[in-house]
Amino acid sequence: MAIIEVVDLVKTYDRKVAVDGVSFTVDEGEIFGILGPNGAGKTTTVECVEGLHTPDGGTIRVDGLDPRRDRAELRARLGVQLQQSELPDRIRVGEALDLYASFYRDPADWRELLARLGLADRAKTEYRKLSGGQKQRVSIALALIGKPKVAVLDELTTGLDPQARRDTWDLVEQIRDAGVTVVLVTHFMEEAERLCDRIALIDAGRLVAVDSPAGLVSRVDGEQRVRFRPAAPLDVALLTELPEVSHVERHGPQLVVTGTGNLLHAVTSVLARNQIVAADLRIEQAGLDDAFIRLTGRKLTE
Amino acid sequence: MLKIVKTEWKLFLREPSMVVFAVLFPTVLLLVLGAIPALRTPDPTFGDLRFIDAYVSSLVVIALAFLGLNKLPTTVASYREKGVLRRFSTTPVHPARLLVAQVLVNVIAGVISIVLLMVVCWAVFDIDLPHHPLGFLVTCLLGLLSLSALGLLVAAWAPNARSAGGWATVVFMLVMFFGGAYLPRFLLPDFLNVIGEYLPPGVGALQESWLGVAPDPAHLGVLALVTLVAGTVAAKSFRWE
Ligand SMILES: Nc1ncnc2c1ncn2[C@@H]1O[C@H](COP(=O)(O)OP(=O)(O)OP(=O)(O)O)[C@@H](O)[C@H]1O
Ligand SMILES: [Mg+2]
């Protein structure tokens, strides 16, 4: 059952169109990813859902509510982690949670919540003395303090080290397992692939596709990548003219050839004919980032 | 709401510079000035009052001006810059509550600061307490509210915390100057004194109520008007993000 419905959402800042006719639905109990490059309009989209912006067009329903008209009720049911938001420097973690808990009719027990987030020993620590990862977890705690039905988490692992990132992923799964629908905004492929039941791909304000990670990848199935470092200069045109090759990219000394069919054979034949040795040769199956390139003609992260 | 005020109050107490300037500074300044014998001797230029007698109302101005025009706008602007206000908007509680809580914290701090000042005035220097306590209380309150409204106006219009600090300082200096905090008021030309009497926080009304007459309603009216106008404009034009 759909808990969030977005139809033809349009949002313009001054003259710049940030979101241009985006539609999707989020089902109850799923982790729904919104994936796209910087400036794609992800934050703008979810902030319209949160009722922080008034859309210029389209309709939004969250658990049957209109985010602008039913503001107050929406805020009681929706937990939000903003992309950029801090707390006062000197507030203690426990104080912040206690304060925010008082804003809701039936709040979660904040001590229990802190323990679940691995912050039990930080309750008396001032916000400014927390590490980046700990701040992020406090932010998640504040999003969950009101026992929301839906939690919207915007870029929750940006700036975290790999270990903290994986810990946070486990946490998001726990939140979902506790029955909360999660909307996760990210520009990390790996994060989306690992966590999301379904993903909306957004590029330049437009919705490119909505599908499961596997479903997105299957759209480029059969596509592969050959990566190598030519020992001598190589005319790229020799590769691009092959029927198996869809495109070639240069990464410093490395060449990345994407294509279908017997790609490896086709590429190595060309190299052999030109007597060029390929060092560090690797072959990779298509993933979510290839799906993104295929669907938008652009790369997700540069 | 009570919890927001309580939390903001705790945060205020944890900023040592704020507490020192808003609560202790006027009293300390009184003690320092009072330690100078010449300033403790009645002088015919002040109508046989001592310098410190005449300067007390300016000390009150210092406390009120600091709270309304320094602490308030810088705190509010930094809350906006850090996204504290924005995070409030995602909860069932409107961020305006946070601003109201700030003003209430100002009132509490102002009361403590002025009571402390009065106690030292009375116990150490034998300066009379305000002769018209009710008028004095009303004037202090209106004075602080009018300065807080101006402070919020600065915070509403300033693009970021840094420029809020800058703008607030300009207004702060003006208020301090007209309030006689830099140059005692009897050294200022008459026309400046007249302006100062009406300007928030209403040093004219402060002095009157301290010396025993009910404050001039015109003075109080100006303060109330400033509070109302600046407060409304600030509320209407406030940017939450
Ligand atoms: N307040 C604003 N005023 C004007 N333009 C804005 C504003 N907020 C965002 N934009 C513009 O709208 C577009 C979409 O921004 P948005 O923040 O939604 O992107 P995003 O997908 O969340 O990007 P990121 O991955 O960097 O967070 C961008 O081009 C941005 O410059
Ligand atoms: Mg964003």
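Against the test of being more than 16 Å from ligand 1 (Cβ to nearest atom) and within 14 Å of another protein chain (Cβ to nearest Cβ), the options A:A178, A:A151, A:A164 yield a single qualifying residue, A:A151. The set of residues in segment B:150-173 that are of a type in the set (A, V, I, L, M), under 21 Å from B:G204 (Cα atoms) and in contact with a Leu (Cβ under 8 Å, 6 or more places away or on another chain) comprises B:L150, B:V171. When you check B:V56 against the structure, is it of a type outside the set (F, W, Y) and more than 18 Å from B:L129 (Cα to Cα), yes or no? Spelling it out, it is not the case that B:V56 is of a type outside the set (F, W, Y) and more than 18 Å from B:L129 (Cα to Cα). Pairs are defined by a Cβ separation below 8 Å, a sequence spacing of at least 6 or placement on different chains, a first member in segment A:234-255 that is within 12 Å of A:V270 (Cα to Cα), and a second member that is surrounded by fewer than 14 Cβ atoms within 10 Å (Cβ to Cβ) and modelled with pLDDT of 85 or more; the pairs so defined are A:L234/A:N274; A:V236/A:R250; A:L238/A:N274. Pairing residues of segment A:144-173 that are within 22 Å of A:R111 (Cβ to Cβ) and in the same structural domain as A:L35 (by TED's automatic domain parsing) with residues that are of a type in the set (D, E) and away from ligand 1 (no atom under 15 Å from the Cβ), at Cβ distances under 9 Å and at least 6 apart in sequence or on separate chains, gives A:G146/A:D106; A:K147/A:D106.
For (1) aromatic (F, W, Y); (2) within 12 Å of chain B (Cβ to nearest Cβ); (3) surrounded by fewer than 17 Cβ atoms within 10 Å (Cβ to Cβ); (4) touching a strand residue (DSSP E or B) at 6+ places or on another chain (Cβ under 8 Å), each residue gets a yes or a no:
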residue	(1), (2), (3), (4)
A:K42	no, no, no, yes
A:H53	no, yes, no, yes
A:G64	no, no, yes, no
A:E86	no, yes, no, no
A:E95	no, yes, no, no
A:D106	no, yes, yes, no
A:R116	no, no, no, no
A:D121	no, no, yes, no
A:K129	no, no, yes, no
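Taken over segment A:174-196, the criterion of being without any contact (Cβ under 8 Å) to a residue 24 or more places away in the chain and in a helix (DSSP H, G or I) is satisfied by A:D177, A:E190. All conditions but one from (1) assigned to a helix (DSSP H, G or I); (2) at pLDDT below 90; (3) farther than 30 Å from A:K11 by Cα; (4) not small (G, A, S) apply to A:V217; the one that does not is (3). Against the numbered list (1) within 14 Å of chain B (Cβ to nearest Cβ); (2) away from ligand 2 (no atom under 16 Å from the Cβ); (3) under 23 Å from the mean Cα position of the chain (by Cα); (4) not β-branched (V, I, T), A:F24 comes up short only at (1).
Only one entry of A:K149, A:K129 meets the criterion of being closer than 19 Å to A:R75 by Cβ and among the basic types (K, R), and that entry is A:K149.
In this structure, does A:A18 turn out to be loosely packed, with under 15 Cβ neighbours inside 10 Å and either closer than 19 Å to B:R86 by Cβ or away from ligand 2 (no atom under 16 Å from the Cβ) (or both)? Spelling it out, it is not the case that A:A18 is loosely packed, with under 15 Cβ neighbours inside 10 Å and either closer than 19 Å to B:R86 by Cβ or away from ligand 2 (no atom under 16 Å from the Cβ) (or both).
Based on this model, can you work out whether A:A141 counts as farther than 18 Å from B:T7 by Cβ and either more than 16 Å from ligand 1 (Cβ to nearest atom) or in a helix (DSSP H, G or I) (or both)? Give the derivation first.
Working: farther than 18 Å from B:T7 by Cβ: no; either more than 16 Å from ligand 1 (Cβ to nearest atom) or in a helix (DSSP H, G or I) (or both): yes.
No: the conditions fail for A:A141.
Identification of strands (runs of 3 or more DSSP E) wholly contained in segment A:236-301 with 1 or more residues that are surrounded by fewer than 16 Cβ atoms within 10 Å (Cβ to Cβ) and of a type in the set (S, T, N, Q) yields A:254-259, A:278-285. Applying the set (1) farther than 29 Å from A:R61 by Cβ; (2) charged (D, E, K, R); (3) assigned to a helix (DSSP H, G or I) to A:K124 leaves exactly one unmet item: (3). The sole residue among A:V150, A:V185, A:V180, A:V172 that is within 11 Å of A:F32 (Cα to Cα) and more than 16 Å from ligand 2 (Cβ to nearest atom) is A:V150. Applying the criterion of being closer than 18 Å to B:G204 by Cβ and among the small types (G, A, S) to the residues of segment B:117-145, the residue that is surrounded by the most Cβ atoms within 10 Å (Cβ to Cβ) is B:G143. For segment B:72-102, taking the residues that are of a type in the set (K, R) and in contact (Cβ under 8 Å) with a residue 60 or more places away in the chain, the one that is farthest from the other protein chains (Cβ to nearest Cβ) is identified as B:R80.
Taking first residues from segment A:33-47 that are under 17 Å from A:T181 (Cβ atoms) and partners that are near ligand 2 (Cβ under 8 Å from one of its atoms) and acidic (D, E), the Cβ contacts under 9 Å between residues at least 6 apart in sequence or on separate chains come to A:I34/A:D154; A:V46/A:D154. Is it fair to say A:T12 is within 16 Å of ligand 2 (Cβ to nearest atom) and not aromatic (F, W, Y)? Answer is no for this residue. Considering (1) in contact with a Pro (Cβ under 9 Å, 6 or more places away or on another chain); (2) under 17 Å from A:D27 (Cα atoms); (3) within 13 Å of ligand 1 (Cβ to nearest atom), the lone condition that A:V46 does not fulfil carries the number (1).
The values are calculated or read from the model by the stated rules, or taken from the named source; none is laboratory data. Keep in mind the model is a prediction, meaning the values are calculated, not measured. Using ideal geometry, Cβ is built from the backbone for each residue, glycine included, and neighbour counts are taken over all protein chains shown.
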